[in-house]
Structure formats: structure tokens, C-alpha cells
1. Would you point out which residue out of R64, R72 is closer than 16 Å to R111 by Cβ and crowded, with 16+ Cβ neighbours inside 10 Å?
2. Would you point out the residue of region 84-114, among those that are of a type outside the set (S, T, Y), under 20 Å from L51 (Cβ atoms) and not in a strand (DSSP E or B), that is modelled with the lowest pLDDT?
3. Would you please name the residue that is surrounded by the most Cβ atoms within 10 Å (Cβ to Cβ), looking only at residues in region 2-55 that are in a loop (DSSP other than H, G, I, E, B) and of a type in the set (S, T, Y)?
4. Residues of region 49-72 being without any contact (Cβ under 8 Å) to a residue 12 or more places away in the chain and of a type in the set (S, T, N, Q), which ones?
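The values are calculated or read from the model by the stated rules, or taken from the named source; none is laboratory data. On a predicted model such as this, the values are computed, not experimentally measured, just so you know. Every residue, glycine among them, receives a Cβ derived from its backbone with ideal geometry; neighbour counts consider all protein chains shown.
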Amino acid sequence: MPASLLVFTPIDIVVGGVVAVVLYAAIVGLLLSGSPVVAAGPEGLRAGRALLPWSAVGDVAAARKDDARRERGTGLDSRSYLVIRGWVDPVVRVEVADPADTTPYWLISTRRPDELTAVIEAYRDDA
């Protein structure tokens, strides 16, 4: 935003301020709308744009620190579905129990892995 102020302040200080605020709001809006959503609902587990029905959800496990690093690195299966944000350390691994699906598991980064694991297990057990 300082760049917009530098460009527009010589024209008018008010215009520079308005442009800076509009640009800031647009960037925040784009970041929020582009963030992947992880949600559990009656239809299944949604991570990003994908939906895994509860009938296809297998074992669920949370990993932190070195285990999470291994899950994202040397232990990663290239066929897995990833919803990972590099700045979030813990991950939750959700096994795909559908034999017709070639994806062995989903790997989802989350700041609250225990809560996500508990919600997934509760929905899976109810289904």
C-alpha cells in the first residue's frame, strides 16, 4: 500500500489514501476467498474443492513436528490428495477406504489437528 501512496499522493493525498484502502481490502478479500476450506458435514469431508463421502473415510491420524515433516516429505505418497499450507505444521492423514479410488489418503494441514480428527471420527462413526 505504501507504493500506491507514493504514486497518488502527489496528485491528491485523499486519492492516495482511498486507493491504498481499496487495494488493501481487495488483497485481503482475494486471500480470504482463495484459502482452502476444510469442513465436515453430513455429506462428507470437504478439503479444498474435493469431497470425500463418509463411506470412503478410513483411519484418521494427526501428526506433528517431525512426524508431520515426514508425512509431507519422505513419507509422502505421490498419489495422495494434498491440502497443505507451508506455514501450518500439524497435518491430519485421512485414509481413503474406497477400493475404486486410486488416492490412498488425504493429507490436510491444520492448526487444530485433534479437533479435526475428533470431528471426522464422530461423523464417520455416525454414518
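1. Residue meeting the stated conditions: R72.
2. Filtering first and then ranking leaves R85.
3. Taking region 2-55 and keeping what is in a loop (DSSP other than H, G, I, E, B), we get 9-12, 35-37, 42-43, 48-49, 53.
Those left that are additionally of a type in the set (S, T, Y): 9, 35.
Details: T9: 15, S35: 10.
Result: T9.
4. Residues satisfying the conditions do not exist here.
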